[in-house]
Ligand SMILES: NC(=O)c1ccc[n+]([C@@H]2O[C@H](COP(=O)([O-])OP(=O)(O)OC[C@H]3O[C@@H](n4cnc5c(N)ncnc54)[C@H](O)[C@@H]3O)[C@@H](O)[C@H]2O)c1
């Protein structure tokens, strides 16, 4: 077995960093995934939270997370004010609420001088997204957005292979994300869950949810922004006012064409996020359900499967995240831990004034989050008009 050669290059923080959560308590989905990733990074402790919209559940969840009684909050505004006033207050807040609360929660904590880690989509409107970009620029606070798939080792590997020219010139990019869980989701009875309520989810359902993940993954891996989109929205599952399926043509920087297909009403699928990139010399493919492997196929040559691990085939910007030798699986939680490792470096550097080595960090920022919101807005407009629509911020 190859010895763990790991010098990750990520400086340790000057002390353990302190994290607070808004949302993520009992019954919630993604909050616990954030928490697991943060703890696995070994750089964060979770010390405070307003974990639910329901006060009883917020209290109960805080106790289950073993938070000190005086740091279990039932109101995120009170949490921001009180944490900002403590000498041992949180270094960053994690926002895992429904979409419409991302902006007010982020703005509230930024006003209190606290760094922000927000889930996607960044906001429900472009005006709010631009407001957060401006606030970040004005304050210099760290603002990460948790497009966590981009922190899988083999996505970093794909990005580095593309950067190194191993595919030649990029000529086509195709990304798809298929799930089935919303097949029977409906708002027919007049009481939509938050994910189907435009006041809470924004003006798109599936495109805002997994469409933004797919768009970010394609841009991140190829190093190219999406410049133009032409989209058609559909409802493939039970009736709903917003789309649960969308098919799009894309135009990336440099005129590179691509496609993006998303559905949350595709029976028999699970979490099928797949990226394919084709260049003048070779193509590659990565699939989220089998994330430890990347297929790389030079033209007219046998397919090579590159497995995550130390040593042969792995490039430095990817191998620095490897925790286990080949054959011992890593998983989504490890990708989240990679993201939280980078965020810890950024937050600690801002606090202490340390300089981060150029090119060390690639976590998604508030600008990436705002590009996602613009992408959703452009897709909605294109679906309505049939036109190609500009995705530039
Ligand atoms: N990055 C990813 O891979 C990923 C995956 C799933 C969801 N998400 C995003 O994460 C967010 C949450 O999604 P989810 O599936 O966990 O939703 P969820 O409905 O399961 O959980 C939302 C949580 O927010 C809490 N909440 C609501 N209002 C609150 C308030 N005012 N104060 C404190 N807490 C409040 C709820 O009580 C609940 O705990 C969404 O924006 C979603 O798009 C991201």
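Each value in this text was obtained by applying a stated rule to the coordinates, not by laboratory testing. None of these values were measured; they are calculated from a predicted model. Ideal geometry is used to build each Cβ from the backbone, glycine not excepted, and the neighbour counts take in all protein chains shown.
A viscosity of 1.567 mPa s and a temperature of 4 °C, combined with the Kirkwood radius over Cα pairs in Stokes-Einstein, give a translational diffusion coefficient for the chain of 60 µm²/s. Could you check what % of the DSSP bridge pairs in the chain are antiparallel, to the nearest 5? Among the beta bridges of the chain, antiparallel pairing accounts for roughly 65 percent. Based on C-alpha pairs under 8 angstrom that are at least 6 apart in sequence, the chain has a relative contact order of 21 percent. With contributions of -39500 (n - 2.57) from each DSSP H run of at least four residues, the per-residue ellipticity at 222 nm computed over the chain stands at -9500 deg cm²/dmol.
Every Cα-Cα pair of segment 192-270 was included, and the share exceeding 14 Å stands at 63 percent. Hey, could you get me the Stokes-Einstein D for segment 226-362, Kirkwood radius over alpha-carbon pairs, 37 °C and 0.692 mPa s, rounded to whole µm² s⁻¹? Rounded, D is 177 µm²/s. Considering only 217, 281, 17, the mean-square fluctuation computed in a Gaussian network model of the chain, springs between alpha carbons under 10 angstrom, is largest for 281.
Within the listed set 277, 256, 376, the Gaussian network model of the chain (springs between alpha-carbon atoms below 10 Å) gives the highest mean-square fluctuation for 256. Put in order of Cβ neighbour count within 10 Å, fewest first, the listed residues 306, 90 become 306, 90.
Taking other C-beta atoms within 10 Å as the exposure proxy, 292, 243, 227 rank 227, 292, 243 from fewest upward. Per residue, the average separation of C-alpha pairs within less than 8 Å and at least 6 apart gives segment 99-159 a relative contact order of 36 percent. Residues 248, 161, ranked from the fewest to the most other C-beta atoms within 10 Å, line up as 161, 248. Contact order, relative form, for segment 1-107: 30 percent (alpha carbon pairs under 8 Å, 6 or more residues apart, mean separation divided by residue count).
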